[in-house]
Amino acid sequence: MARFELKLPKMGESVAEATITNWLKEVGDKIEADEAVLEIATDKVDSEVPSEVSGILVEQLFGKDDLVQVGQTIAIIETEGGETVAPEAVNAVQETAAPAEVAEIEKTIESVKETVTSQDFSGSDKFFSPLVKNIAKEEGLSLNELENIAGSGKDGRVTKEDILKYVEARKSGAVQVPQAVETAPKVTVETPKVEAPKAVEPAVQKSQQAVPVSVNGADEIVEMDRMRKLISGYMTASVQTSAHVQSFIEVDVTNIVKWRDKVKTAFEKREGEKLTFTPIMMEAVAKALKDFPGMNISVDGDYIIKKKNINLGMAAALPNGNLIVPVIKNADQLNLVGMAKAVNDLGNRAKAGKLKPDDTQGGTYTVTNVGTFGSVFGTPIINQPQVGILALGAIRKVPAVIETPEGDFIGIRQKMFLSHSYDHRVVDGALGGSFVKRVAEYLEAFDVDRDF
């Protein structure tokens, strides 16, 4: 028999960690090659981790809600003797070490695993790594204290440095402890640090709440699912972080509507893709971002990060009512056909729940189509740490004044509103207004004789 270490696979250049949401196989279960062993979550995307070999699951090294780094071993699968298994460091140590040393090593491993997995912080909706939980227990921190530590890691998660700084401040009396607790020696376990832009730190920390009770017995009480909890946290944090300002502009898109009606059948026949208004709008936004790079930035504390690539986020509603934002990478380098293919691909995979973790990473600016639901315009919330988001309103037939060399007259035109929300901390009205005006200019100047 051989032992195979199932590791958390690489899921994209910008994805460094994932949270275990569910084990599909339990210890003792038989597993076939390519069969899913567990479910993981990265940001808002859920994925399955398959086994590379057939065998029996003998160990689960992490539990539900544990945060795991890419490349970490998450399970041990025992395979048949004939199975080809890559050599692993742990097995090499066991083969070369004396029996007494092997026993001591195994005892130490089990002790560490028991210490890490015995942390009881399950009452929190926030994710904490096993190391952070272990330090919290060793230092005698309560759940309330742990939840109120400002995290500097990805998505506001508490890192080892964050909790150790809090512990030092706590011992020196620089922070007020909710209740007196006896502290234990400080843990100095080292762990690799994954560098990522600082996430938004909510101004108001979440507190423990009792489950509400229906007074009349007729109301239905449903707990938010994991994704809705994440969205709730992101939206609240964004409003508390950015000084939201909106600019609105009405756009005449009659030429675009006429052109699309004329070519959509031929487009689908030639390219095998449906042509919607979204890729046309995204093309205009990408051009405007090249003209106004001050909108293609992010904020990290007191620093502004000027993004080299233009990666457009495309807010999409899921069948269950939740929201997700897949990203079109290097959108300014795509022609209309490429943009249409990217929009359709991400939209279809979002609806089918087949997005990969990297599909939602690296966005520099976001577009949301509120017109899909009939809204004339909206005031969207910025997708942190970006500084702007554009809402596309519904296209409507309206009476309008048309200027001609022969004079003005009233006619029927196809118009829509663009709603631009931007972060007034770093984007003033001149830039925010000029940007959305440039998008409108590109749309109104659309060439009805262009090819696709």
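Observations on the structure shown:
- Single match in ILE40, ILE56, ILE76 (criterion: modelled with pLDDT of 90 or more, surrounded by 19 or more Cβ atoms within 10 Å (Cβ to Cβ) and part of a strand (DSSP E or B)): ILE76
- Annotation note: Cβ proximity below 9 Å between a residue of the range 308-328 that is free of Cβ contacts under 8 Å to residues at least 60 places away in the same chain and a residue that is surrounded by fewer than 22 Cβ atoms within 10 Å (Cβ to Cβ) and among the aromatic types (Phe, Trp, Tyr) (sequence gap 6+ or interchain) occurs for ALA317/PHE373.
- Hits in the range 341-359 - residues which are without any contact (Cβ under 8 Å) to a residue 24 or more places away in the chain and among the acidic types (Asp, Glu): ASP345
- Conditions (1) in contact with a helix residue (DSSP H, G or I) (Cβ under 9 Å, 6 or more places away or on another chain); (2) in contact (Cβ under 8 Å) with a residue 24 or more places away in the chain; (3) farther than 22 Å from GLY393 by Cα; (4) in a helix (DSSP H, G or I); number of the one not met by GLY338: (2)
- Applying the criterion of being touching a Leu at 6+ places or on another chain (Cβ under 9 Å) and part of a strand (DSSP E or B) to the residues of the range 275-314, the residue that is nearest to THR368 (Cα to Cα) is MET314.
- Residue check: SER434 meets all listed conditions (1) touching a helix residue (DSSP H, G or I) at 6+ places or on another chain (Cβ under 7 Å); (2) in a helix (DSSP H, G or I); (3) touching a residue at least 40 places away in the same chain (Cβ under 8 Å) but one, namely (1).
- Of the candidates ASN296, ASN311, the single residue that is assigned by TED's automatic domain parsing to the domain that holds PHE373 and under 18 Å from the mean Cα position of the chain (by Cα) is ASN311.
- Any hit, the range 415-425, residues being aliphatic (A, V, I, L, M), exposed (fewer than 13 other Cβ atoms within 10 Å of the Cβ) and farther than 28 Å from GLY156 by Cβ: no
Quick grid of which residues meet (1) in contact with a Phe, Trp or Tyr (Cβ under 6 Å, 6 or more places away or on another chain); (2) in a loop (DSSP other than H, G, I, E, B); (3) modelled with pLDDT under 90; (4) assigned by TED's automatic domain parsing to the domain that holds ASP302:
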| position | (1), (2), (3), (4) |
| --- | --- |
| VAL213 | no, yes, yes, no |
| ALA218 | no, yes, yes, no |
| LEU230 | no, no, yes, no |
| MET235 | no, no, no, no |
| ILE249 | no, no, no, yes |
| THR265 | no, no, no, yes |
| GLU273 | no, yes, no, yes |
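- Counted as qualifying within the range 360-416 are no strands (runs of 3 or more DSSP E), as none has 3 or more residues that are free of Cβ contacts under 8 Å to residues at least 12 places away in the same chain and farther than 25 Å from GLY433 by Cβ.
- Scanning the range 417-431 for residues that are free of Cβ contacts under 8 Å to residues at least 24 places away in the same chain and not aliphatic (A, V, I, L, M) yields one hit, ASP428.
- Members of the range 1-37 that are assigned to a loop (DSSP other than H, G, I, E, B), closer than 29 Å to VAL158 by Cα, modelled with pLDDT under 85 and not polar (S, T, N, Q): LYS10, MET11, GLY12, GLU13, VAL15, ALA16
- Filter result for VAL401 (surrounded by 15 or more Cβ atoms within 10 Å (Cβ to Cβ) and hydrophobic (A, V, I, L, M, F, W, C)): no
- Being surrounded by fewer than 15 Cβ atoms within 10 Å (Cβ to Cβ) and either modelled with pLDDT of 90 or more or more than 22 Å from ALA36 (Cα to Cα) (or both) is a property that GLU95 has.
The values are calculated or read from the model by the stated rules, or taken from the named source; none is laboratory data. In this text the structure is predicted, and so the values were computed from the model without any measurement. When we count neighbours, we look across all protein chains shown, and the Cβ atoms used for this are built from the backbone with ideal geometry, even at glycine.
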